[in-house]
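**Q** This is the structure I have questions about; it appears just below.
The values are calculated or read from the model by the stated rules, or taken from the named source; none is laboratory data. Computed from a prediction, not measured in an experiment: that's the story for all the values here. Please note: Cβ atoms are built from the backbone with ideal geometry, for glycine as well, and neighbour counts cover all protein chains shown.
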């Protein structure tokens, strides 16, 4: 498979979105985690690939200490597995298990959406909608990298706005698994359908109406579940 550009790094480098203004300064370990998350979710680190710390340091420019902390976090969430005599490996994609991932994510996304609708600042509400509209524009012209950059930024603002760290910590590994699954089987996906679901979620949050936000989260989950079922059926 061809190497995919790193949408998260591009977002950080440009730093043009007003959404980034809503985020507090991040720890080095969090930056390392997000970098690894993108490498895994975009299949730049393939399922089953061996994870070598020295190679990652050279590849990403990250320091060893935050990188090591990020790797330990990924082991704890199952994104990376530790095997005797083989070391660290990127976890495999399990088709049967992925439906459970989507269904579990549904519950958490409903909670996060409701919290964001209730707690988001005016600027966060604007930023979430702007991110979703960027996704719609990118989907219209089939620009996958732009779509994913906006998707990542929407998640980031939504999670900060929710002020529910317990739910966010639980949902992030599931989002990474869903994003990786989408990259692996994107031939079965529809960018415009996904963008429309994100826009409904964003507009629901921006409205301050918890029921509307939850309905948007459900539409997104329905999209992810339908996509997963199509992949399994084929």
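**Q** Which of the residues that make up region 89-123 are over 19 Å from residue 232 (Cα atoms) and without any contact (Cβ under 8 Å) to a residue 12 or more places away in the chain?
**A** Matches in region 89-123: 107, 122.
**Q** If you check residue 93 against the conditions, is it part of a helix (DSSP H, G or I) and within 24 Å of residue 190 (Cβ to Cβ)?
**A** Numbers: part of a helix (DSSP H, G or I): no; within 24 Å of residue 190 (Cβ to Cβ): yes.
No, not satisfied.
**Q** Inside region 76-89, can you point out the residues that are in a loop (DSSP other than H, G, I, E, B), touching a strand residue (DSSP E or B) at 6+ places or on another chain (Cβ under 9 Å) and either assigned by TED's automatic domain parsing to the domain that holds residue 174 or over 17 Å from residue 54 (Cα atoms) (or both)?
**A** Step one: of region 76-89, the residues in a loop (DSSP other than H, G, I, E, B) are 78-79, 84-86.
From what's left, touching a strand residue (DSSP E or B) at 6+ places or on another chain (Cβ under 9 Å): 79, 86.
79, the sole residue that qualifies.
**Q** Quick test of your reading of the structure: residue 166 fulfils all but one of (1) crowded, with 18+ Cβ neighbours inside 10 Å; (2) more than 15 Å from the chain's Cα centre (by Cα); (3) under 16 Å from residue 104 (Cβ atoms). Name the failing condition by number.
**A** (1)
**Q** Within region 45-75, take every residue that is in contact with a helix residue (DSSP H, G or I) (Cβ under 6 Å, 6 or more places away or on another chain) and part of a loop (DSSP other than H, G, I, E, B) and give me the one that is modelled with the lowest pLDDT.
**A** 62
**Q** Continuing with the same structure: Out of all the residues in region 183-193, is one or more crowded, with 21+ Cβ neighbours inside 10 Å, part of a helix (DSSP H, G or I) and in contact (Cβ under 8 Å) with a residue 12 or more places away in the chain?
**A** No, every residue in region 183-193 fails to be crowded, with 21+ Cβ neighbours inside 10 Å, part of a helix (DSSP H, G or I) and in contact (Cβ under 8 Å) with a residue 12 or more places away in the chain.
**Q** Continuing with this model, one more query. How many of the residues in region 134-149 are loosely packed, with under 15 Cβ neighbours inside 10 Å, at pLDDT 95 or above and under 13 Å from residue 190 (Cβ atoms)?
**A** Total meeting the criteria: 1.
**Q** Does any residue of region 152-165 turn out to be at pLDDT 95 or above and not in a helix (DSSP H, G or I)?
**A** Within region 152-165, one or more residues are at pLDDT 95 or above and not in a helix (DSSP H, G or I).
**Q** While we're looking at this one, here's another question. Is one or more of the residues making up region 105-112 assigned to a helix (DSSP H, G or I), surrounded by 13 or more Cβ atoms within 10 Å (Cβ to Cβ), out of contact with any helix residue (DSSP H, G or I) (no Cβ under 8 Å at 6 or more places or on another chain) and modelled with pLDDT of 95 or more? Please lay out each step first, then the result.
**A** Start the filter on region 105-112 by keeping residues that are assigned to a helix (DSSP H, G or I), which leaves 105-112.
If we keep only those that are surrounded by 13 or more Cβ atoms within 10 Å (Cβ to Cβ) as well, we get 105-112.
Now narrow it down to the ones that are out of contact with any helix residue (DSSP H, G or I) (no Cβ under 8 Å at 6 or more places or on another chain): 107.
Of the ones still in play, those that are also modelled with pLDDT of 95 or more are 107.
Yes, some residue in region 105-112 is assigned to a helix (DSSP H, G or I), surrounded by 13 or more Cβ atoms within 10 Å (Cβ to Cβ), out of contact with any helix residue (DSSP H, G or I) (no Cβ under 8 Å at 6 or more places or on another chain) and modelled with pLDDT of 95 or more.
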